[in-house]
Number of protein chains: 2
Amino acid sequence: MSDDTEVLAPEEPREDDGYALDRKAVARILYAVDIEDREQLIALMDPLHPADIADLLEQVNAFDRMRLIRLYDREFDGEILSELDETIREEVIGVLRPQVLADAVRDLESDDVVDLVEDLDAPQQEAILDALEDSDRVAVEQSLTYPEYSAGRLMQREVVMAPEHWNVGEAIDFLRNSDNLPEQFYHVILVDPRLRPVGNVTLGKLMGSRREVLLKSITEETFHVIPAAQDEGEVAYAFNQYHLISAPVVDENERLVGMITIDDAMVVLDEEHEEDILRLAGVDEESRISDRVIDTTKRRFPWLAVNLVTAVLASMVIAQFEAAITQIVALAVLMPIVASMGGNAGTQSLTVAVRALATKDLTGSNLWRVIRREVLVGAVNGAIFAVIMGIVGLIWFGSAQLGGVIAAAMVINLVVAGLAGIVIPVLLEKAGVDPALASGAFVTTVTDVVGFFAFLGLAVTVLL
Amino acid sequence: MSDDTEVLAPEEPREDDGYALDRKAVARILYAVDIEDREQLIALMDPLHPADIADLLEQVNAFDRMRLIRLYDREFDGEILSELDETIREEVIGVLRPQVLADAVRDLESDDVVDLVEDLDAPQQEAILDALEDSDRVAVEQSLTYPEYSAGRLMQREVVMAPEHWNVGEAIDFLRNSDNLPEQFYHVILVDPRLRPVGNVTLGKLMGSRREVLLKSITEETFHVIPAAQDEGEVAYAFNQYHLISAPVVDENERLVGMITIDDAMVVLDEEHEEDILRLAGVDEESRISDRVIDTTKRRFPWLAVNLVTAVLASMVIAQFEAAITQIVALAVLMPIVASMGGNAGTQSLTVAVRALATKDLTGSNLWRVIRREVLVGAVNGAIFAVIMGIVGLIWFGSAQLGGVIAAAMVINLVVAGLAGIVIPVLLEKAGVDPALASGAFVTTVTDVVGFFAFLGLAVTVLL
């Protein structure tokens, strides 16, 4: 691979400024691997965050990846595994020596282990669980009983709680005398006698308050409790909407069972966005730049197959007008313009609608107003482009009637595009289908079929 | 609006489960506004978080919004303004009584005021700055000297720091005796004598350590310092990549000037994603479901205009083959299929590429491998769809040669689509243009032109 890195222009990519993993660092590391200089490799890897090392492993090819891991050996940190994309992760776990894997995994927090093992196949999962101490293994297996993508999988079990009647002094003394506080915690969760969370006190507030102040008098204004069964997407939404830093998780009896912190919610938010953006483009949401050719091909195929059916459907509409096209070949020249404009206008509407559904900004309260507006926008833009295309049609083919036909078809298709772009995602959402996944296929089918039919149909009526 | 809310099916929208702002709550609030029952309105709004109230104001129409704000009056909280979309925000500020606006703004933290005023026009900005106390006003005006979308605008100025040589006991005593600790802080930042940050100690770690332990021995492993001039997108990337909770911000002399917390970084991450997703669909990144018709029309027009030029260009290619189409009208029927498949395959590639560039997963180290892979994927999927379309062409039009032509054109266009989908975003990024913004137009132009030209050109060569 080292020759590849030399082919690009010599300047650094702009976007790498200030980040540890620039192109030169990668080249140096691969060179150390080439000459099998373990000390040099460790020295180069040492300043890198596990997340950067994971990125590095994703960027190099499978052969370099294997050699690097073998040479790095016992230095391999468990967090690197947590940060790796799923497909690469399985490969890396296969390459690691069993002893190195066991050591790496033992250092992780239980919620990170859950995240790690939930996607693995059974033998790999077993290998990792076997490496854990008994208590950790139990914690991980308990978390795995919650449904996938639920708050229960996302939460950490270690929480810091205090009875609701305590004062600041009691809480501080308790914390000062605790042996094993969690690695990450920012709040003391107040609980009632039945272990139900009733409020959050930030550590900063605790530090800044006098000993005799009651904890319940200094709780945070915004307090949000998360059911363990809640979908992780809803959890991320709540953190983002209410600016939460951490939130208690409760079981079906509203008893405290764990806690979620904002950094985990941020990862989920990032993944949900990634999913939306990829699904809108008709790509499987697990697609990564590091996928192998066979995986990429498989991930792209289904949407292309759907599109083929759509395109053939549109062609069948055109086939109905073969006679007209033979008489006026200009129709064949101009018809893709109408369909293409409709497809683009529809994509615009549907993207805004899909985003608004995801952020709960499109609801029963404003749906009808939004629909009316989309139709109006389609009509206005349709009218503008109708005038432009009418003139283009007139000048290009010298026929005012042809200009009028394409103008009328343009207005019709842009209005339909606006309407379809909003109604189809809303209907899919109501039917329980992710609108990001399926809207595109439906909307372009509508705009293609309507576009060709309106243009060619009007042409037959007016021109023949 | 209240009649609109009755038109939908009676069940609650799925996505509103567990959130305060469901359709019924909106209807009740609007009813209280209708009958001008201020006490009822306040009682209904009381359980809502300012973020939910902002969503409510965005969802109702302008007339209801004005009446609601007038009736709510002095209860109006400054945080609602922070949470509002920009266009609605300006309108709301215009509707608020000056006294209510002044009270609302005075309650906000200085970084929230900065976020609020930076997008306002001069008279509104002045009105808000005048409402602030002198010290707050100075803080806000200083923040505004940093470039827009920079870390300096995003940071809060209140930080908690300690000399690097202190021990835990000294830090705790200092915090216990401080009069005004910031509302939000999770770390004590260690600084050297020249005020340069050298490490972070979490409050949890501070609480759990013995008094004589040195602060520098319990700093967090991951420590990331942010330059005040850094772009906020890079800041969000760093928080997400390194799982930071808060990070110190430094000036050009590396002296501590402020701090950014993860909740603000999460908002930026969300905005950046929103921008990417909208730009990829050819919609202005400020587009919101609450925009007025005129704004929406303007925000959608430019991309449609670009697409019209693209579509006309593709039509000109078709026009070169008018004679062939007149002889074999099946060409007009089949040609949109080739172009459409290329457009979709190109969109798939470019979306994966744009995401990979944004997350720094596509770099000089793996670019050539990714390009090779995209071409290969295009060839494999192209071959599969070539066989399918070859058979369709043969059966539909009874010509093996026509089937062969469409099959060959399909392979060519899908390979070109894969290549264009990766090369165009990378070149745009190198040229300093956001690839999310412009890639789509270029890629579909390429796939349309190549699709029509390959299909019709081959047809002329083979069939005539």
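Of all the listed residues (B:52, B:46), the sole one being more than 10 Å from every other protein chain (Cβ to nearest Cβ) and at pLDDT 90 or above is B:46.
In region B:423-443, the residue that is farthest from residue B:348 (Cα to Cα) out of those that are in a helix (DSSP H, G or I) and charged (D, E, K, R) is B:430. Residues B:393, B:364: which one is open to solvent by less than 40 Å² (accessible area, probe 1.4 Å) and under 21 Å from residue A:296 (Cα atoms)? Answer to the selection: B:364. Within region A:148-194, restricting attention to residues that are of a type in the set (A, V, I, L, M) and part of a helix (DSSP H, G or I), the residue that is nearest to the other protein chains (Cβ to nearest Cβ) is A:175. Looking only at region B:195-219, residues that are surrounded by 18 or more Cβ atoms within 10 Å (Cβ to Cβ) and away from chain A (no Cβ under 13 Å) come to 4 in all. The set of residues from region A:323-340 being more than 7 Å from chain B (Cβ to nearest Cβ) and either without any contact (Cβ under 8 Å) to a residue 40 or more places away in the chain or of a type in the set (Asp, Glu) (or both) comprises just one member, A:323.
Take the conditions more than 30 Å from residue A:357 (Cβ to Cβ), out of contact with any Cys (no Cβ under 7 Å at 6 or more places or on another chain) and surrounded by fewer than 19 Cβ atoms within 10 Å (Cβ to Cβ) and apply them to residue A:464. Does it pass?
yes
Residue A:293 fulfils the conditions (1) touching a Lys or Arg at 6+ places or on another chain (Cβ under 7 Å); (2) closer than 30 Å to residue A:246 by Cβ; (3) of a type in the set (A, V, I, L, M, F, W, C) except for a single criterion, (2). Here the condition is being open to solvent by less than 20 Å² (accessible area, probe 1.4 Å), assigned by TED's automatic domain parsing to the domain that holds residue A:315, of a type in the set (A, V, I, L, M, F, W, C) and within 28 Å of residue A:301 (Cα to Cα); of A:450, A:443, A:433, A:423, it holds for A:443 alone. When each of B:356, B:314 is tested for being assigned by TED's automatic domain parsing to the domain that holds residue B:411 and in contact with a Phe, Trp or Tyr (Cβ under 9 Å, 6 or more places away or on another chain), the lone residue that passes is B:314. Taking the listed residues B:254, B:271, the one that is of a type outside the set (S, T, N, Q), open to solvent by 20 Å² or more (accessible area, probe 1.4 Å) and more than 19 Å from residue B:192 (Cβ to Cβ) is B:271, with no other qualifying. The residue list B:357, B:414, B:367 contains one member that is aliphatic (A, V, I, L, M), modelled with pLDDT of 95 or more and under 35 Å from the mean Cα position of the chain (by Cα), which is B:414.
Please verify whether residue A:381 is closer than 29 Å to residue B:65 by Cα, surrounded by 23 or more Cβ atoms within 10 Å (Cβ to Cβ) and not hydrophobic (A, V, I, L, M, F, W, C), treating the condition exactly as stated. Against the criterion (closer than 29 Å to residue B:65 by Cα, surrounded by 23 or more Cβ atoms within 10 Å (Cβ to Cβ) and not hydrophobic (A, V, I, L, M, F, W, C)), residue A:381 qualifies.
Table: residues versus (1) facing chain B (nearest Cβ under 7 Å); (2) closer than 23 Å to residue B:389 by Cα.
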position	(1), (2)
A:293	yes, yes
A:300	yes, yes
A:312	yes, yes
A:321	no, yes
A:342	no, no
A:354	no, no
A:364	yes, no
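Here is the figure for region A:220-275: residues that are facing chain B (nearest Cβ under 9 Å), of a type in the set (D, E, K, R) and touching a strand residue (DSSP E or B) at 6+ places or on another chain (Cβ under 7 Å) total 0. In the set A:136, A:179, A:112, A:173, only one residue is free of Cβ contacts under 8 Å to residues at least 60 places away in the same chain, open to solvent by 50 Å² or more (accessible area, probe 1.4 Å) and outside the structural domain of residue A:192 (by TED's automatic domain parsing); that residue is A:136.
Among the candidates B:267, B:235, single out the residue that is within 27 Å of residue A:186 (Cα to Cα) and without any contact (Cβ under 8 Å) to a residue 40 or more places away in the chain. After ruling out the rest, the residue left standing is B:267. Taken over region B:367-378, the residue count meeting the criterion of being out of contact with any Ser or Thr (no Cβ under 7 Å at 6 or more places or on another chain), open to solvent by 10 Å² or more (accessible area, probe 1.4 Å) and within 8 Å of another protein chain (Cβ to nearest Cβ) is 4.
Where helices (runs of 4 or more DSSP H) fall wholly inside region A:96-147, the ranges with 1 or more residues that are within 22 Å of residue A:85 (Cβ to Cβ) and touching a Phe, Trp or Tyr at 6+ places or on another chain (Cβ under 7 Å) are A:98-106. Within region A:83-109, if we keep just the residues that are open to solvent by 10 Å² or more (accessible area, probe 1.4 Å) and closer than 23 Å to residue A:22 by Cβ, the residue that is modelled with the highest pLDDT turns out to be A:83.
For region B:234-247, state whether one or more residues are assigned to a loop (DSSP other than H, G, I, E, B), open to solvent by 60 Å² or more (accessible area, probe 1.4 Å) and either assigned by TED's automatic domain parsing to the domain that holds residue B:111 or of a type in the set (A, V, I, L, M) (or both). Scanning region B:234-247, I find no residue that is assigned to a loop (DSSP other than H, G, I, E, B), open to solvent by 60 Å² or more (accessible area, probe 1.4 Å) and either assigned by TED's automatic domain parsing to the domain that holds residue B:111 or of a type in the set (A, V, I, L, M) (or both), so the answer is no.
Residue B:61 meets all of the listed conditions (1) touching a helix residue (DSSP H, G or I) at 6+ places or on another chain (Cβ under 9 Å); (2) more than 10 Å from chain A (Cβ to nearest Cβ); (3) surrounded by fewer than 16 Cβ atoms within 10 Å (Cβ to Cβ) but one, namely (2).
Every condition in (1) modelled with pLDDT under 95; (2) over 25 Å from residue A:282 (Cβ atoms) is met by residue B:318 except one, and the failing one is (1).
The values are calculated or read from the model by the stated rules, or taken from the named source; none is laboratory data. Keep in mind that this is a model prediction, so the values were computed, not measured. Virtual Cβ from ideal backbone geometry, glycine too; neighbours counted across all protein chains shown. Areas reflect the complete protein model, heavy atoms only, side chains present, ligands, DNA and RNA absent. Shrake-Rupley method; radii C 1.70, N 1.55, O 1.52, S 1.80 Å.
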